[in-house]
Amino acid sequence: MTQRLLDLTAIITGGGRGIGAATARLFARHGARVMAVSRTESELQQTVNEIRDECGPDRAAYCIADVSDPGDVQRLFDETGQRFGPVDILVNNAGVAIVKPFDELTLDDWERTMAVNLRALFLCSQQAFRLMKDRGGCIIHISSLAGIRGTEKFAGMSAYVASKHGVIGLTESLSVEGRPHGIRVNCVAPGAVDTRMLREAAPHLKTETTPDDLAQTLLYLADPAQAAKITGAIVEVHSNA
Ligand code: NAP
């Protein structure tokens, strides 16, 4: 197999399960050194152990962190730098979906959603920008088809939808600021993908799109040989099933 990300350092938030875990595995298979991040150690251990068994002991590590917390994010980038060197690829994938009718949504629900789905991207992308400004790099945000104007929306998802629209705006802004420094900033906006989030937040949605399918799209965007000229893209992933 070609090592399309050979010796690049990748931070993948939400790397314990779902789309993030699939991306961590695929990136490591292509030669990246992967730092997987989430709050649940058992899931991170599983992702990292699978990678180490398949790709070697030096290809993956994990960091238990809440990516909405500035101190945790600082520690994440410090630990990644010490272990693997400065980050080349940041995948801002961690997310939450709180489903409630709008009139029952609490301020805490709203703040929590914005903290994980949007503030964390500010915190992580800012750390990455500071490290990538002299050497270039790649940032990939995960929004959602729910974050695209005019797509079908589902009741109970107001905070999630608003946060994912914000992710698109942040991508467009950061791609402009990153261009002079060789920092590419792109976004993937998936429809339904078969993960725990989908099963809990929208069990009525059935899909044949798997986390591994999504990971292939992220690999393309991360691959400097394939996507060196691509920045500011919002890649919508509509299911053909
Ligand atoms: P998932 O299976 O629930 O995984 C979410 C990951 O994010 C978990 O590893 C979770 O780990 C982590 N996470 C959540 N809050 C965190 C925090 N504060 N700090 C660090 N990590 C945190 O969901 P998924 O479907 O793979 O979702 C991945 C991304 O795709 C999300 O941004 C989601 O909005 C987006 N997306 C998903 C779908 C879909 O149909 N599945 C569709 C469109 C977009 P811990 O809880 O252990 O921290």
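Which residue, Q45, Q216, Q82, has the most motion in a Gaussian network model of the chain that connects Cα atoms within less than 10 Å? Per the Cα network of the chain with a 10 Å cutoff, Q82 tops the list. Over the range 9-237, accessible surface divided per residue gives 44 Å², non-protein components excluded, 1.4 Å probe.
Lysine pairs in the chain whose alpha-carbon atoms fall under 28 angstrom of each other, counting only those eight or more residues apart or on distinct chains, come to 9. Which of rounded, prolate, oblate describes the range 54-202, given a ≥ b ≥ c as roots of the alpha-carbon gyration tensor eigenvalues and a/c under 1.5 marking rounded, otherwise prolate only if a/b is larger than b/c? Note, shape of the range 54-202 comes out prolate. Among residues other than R196 whose Cβ falls under 13 Å from its Cβ, what is the net charge (Lys/Arg +1, Asp/Glu -1)? So the surrounding residues net to -1. Between the range 200-227 and the range 108-128, the alpha-carbon centres lie 21 Å apart. Applied to the range 105-119, the Karplus parametrisation 6.51 cos²θ - 1.76 cosθ + 1.60 on θ = phi - 60° returns per-residue 3J(HN,Hα) values of 5, 8, 4, 5, 4, 4, 5, 5, 4, 5, 5, 7, 7, 10, 4 Hz, with x for Gly and Pro. Estimated at the nearest 10 Å², the accessible area of F154 is 80 Å² with a 1.4 Å probe.
Peptide packing for 17-29, 198-210 was compared via the average number of neighbouring C-beta atoms within 10 Å per residue; ordered from the highest value, the list is 17-29, 198-210. Under a Gaussian network description of the chain, with springs only between Cα atoms under 10 Å, the residue in P57, P190, P224 that fluctuates furthest is P57. Only protein atoms count toward the accessible area here, which uses a 1.4 Å probe; on the range 9-237, the carbon and sulfur part of that area reaches 50 percent.
Rounded, prolate or oblate for the range 143-226? Axes are the square roots of the Cα gyration tensor eigenvalues, ordered a ≥ b ≥ c, and the cut-off for rounded is a/c under 1.5. Since a/c reaches 1.5 but b/c is at least a/b, the shape of the range 143-226 is classed as oblate. Reducing the range 151-171 and the range 45-76 to their Cα centroids gives an inter-centroid distance of 28 Å. Backbone phi angles across the range 81-94, fed through the Karplus curve with coefficients 6.51, -1.76 and 1.60 (θ = phi - 60°), yield HN-Hα couplings of x, 5, 7, 10, x, x, 5, 9, 9, 10, 10, 8, 10, 4 Hz in residue order; Gly and Pro are listed as x.
The values are calculated or read from the model by the stated rules, or taken from the named source; none is laboratory data. This structure is a prediction, so every number in the text was calculated from the model and none was measured. Positions of Cβ are generated from backbone atoms using ideal geometry, with glycine treated the same way; all protein chains shown enter the neighbour counts. These area figures cover heavy atoms from the full protein model, side chains too; ligands, DNA and RNA do not enter into them. Shrake-Rupley method; radii C 1.70, N 1.55, O 1.52, S 1.80 Å.
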